[in-house]
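Please read the structure below before turning to the comments.
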Amino acid sequence: MQLTLEFGGGLELLCDSVKIHNVDVSPNNEVDKLTMKDLLVWVRANLIKERPEMFMKDDSVRPGVLVLVNDCDWELSGQLDTPLEEKDVVVFISTLHGGLERKGNGDFNFVLNFLLLMPQWQNVCSVDVAVLFS
């Protein structure tokens, strides 16, 4: 089954910094239907080159990873049981990441990066929010 997989928000770094993958995935069941659960097993085995724990927890994606199947949030279509069809586009986006940044004067900035999702998922904006701690 031909699929397009897209990784963003830093997840592409786990796949040799390649954001878009056109792949051919064969179902591993007797019914010849591919689900998101099957795809995640395939992605872990074939695309993730390092630190798979940053992408997956147990048999699903980690909390904070937004999954879209044909521009629809997978939480609306069955998550792991979401059926996939020929030519589907699956997008994985890390929605939260950040860190603590020490300023020269001894203060700390906590920087949180999050995504603003625009109508119809057409535009994705990355926004940094800095909070000053003294």
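The values are calculated or read from the model by the stated rules, or taken from the named source; none is laboratory data. Model, not experiment: these values are computed from the prediction. So basically every Cβ, Gly included, is an ideal-geometry build from the backbone, and we count neighbours across all protein chains shown.
Any residue at all in the stretch 53-62 that is hydroxyl-bearing (Ser, Thr, Tyr), out of contact with any Pro (no Cβ under 7 Å at 6 or more places or on another chain) and modelled with pLDDT of 90 or more?
Yes - at least one qualifying residue is present in the stretch 53-62.
Of the residues LEU112, LEU100, LEU116, LEU68, only one is out of contact with any Ser or Thr (no Cβ under 7 Å at 6 or more places or on another chain), modelled with pLDDT of 90 or more and either more than 18 Å from LEU13 (Cβ to Cβ) or in a loop (DSSP other than H, G, I, E, B) (or both); which?
Step by step, each of LEU112, LEU100, LEU116, LEU68 is checked, and only LEU68 is out of contact with any Ser or Thr (no Cβ under 7 Å at 6 or more places or on another chain), modelled with pLDDT of 90 or more and either more than 18 Å from LEU13 (Cβ to Cβ) or in a loop (DSSP other than H, G, I, E, B) (or both).
Filter the stretch 3-19 down to residues that are under 10 Å from the mean Cα position of the chain (by Cα), among the aliphatic types (A, V, I, L, M) and assigned to a loop (DSSP other than H, G, I, E, B), then give me how many there are.
Number satisfying all stated conditions: 0.
For the stretch 51-78, enumerate the residues that are charged (D, E, K, R), within 22 Å of ASP16 (Cβ to Cβ) and in contact (Cβ under 8 Å) with a residue 24 or more places away in the chain.
Selection gives ARG51 alone.
Suppose we filter the stretch 13-58 for residues that are within 23 Å of GLU86 (Cα to Cα) and of a type in the set (Asp, Glu); how many remain?
4
If ILE48 satisfies all but one of (1) of a type in the set (A, V, I, L, M); (2) without any contact (Cβ under 8 Å) to a residue 40 or more places away in the chain; (3) not in a loop (DSSP other than H, G, I, E, B), what's the number of the condition it fails?
(3)
Any chance you could count how many residues in the stretch 60-89 are closer than 14 Å to GLU6 by Cβ, charged (D, E, K, R) and either surrounded by 13 or more Cβ atoms within 10 Å (Cβ to Cβ) or outside the structural domain of SER26 (by TED's automatic domain parsing) (or both)?
Number of matching residues: 1.
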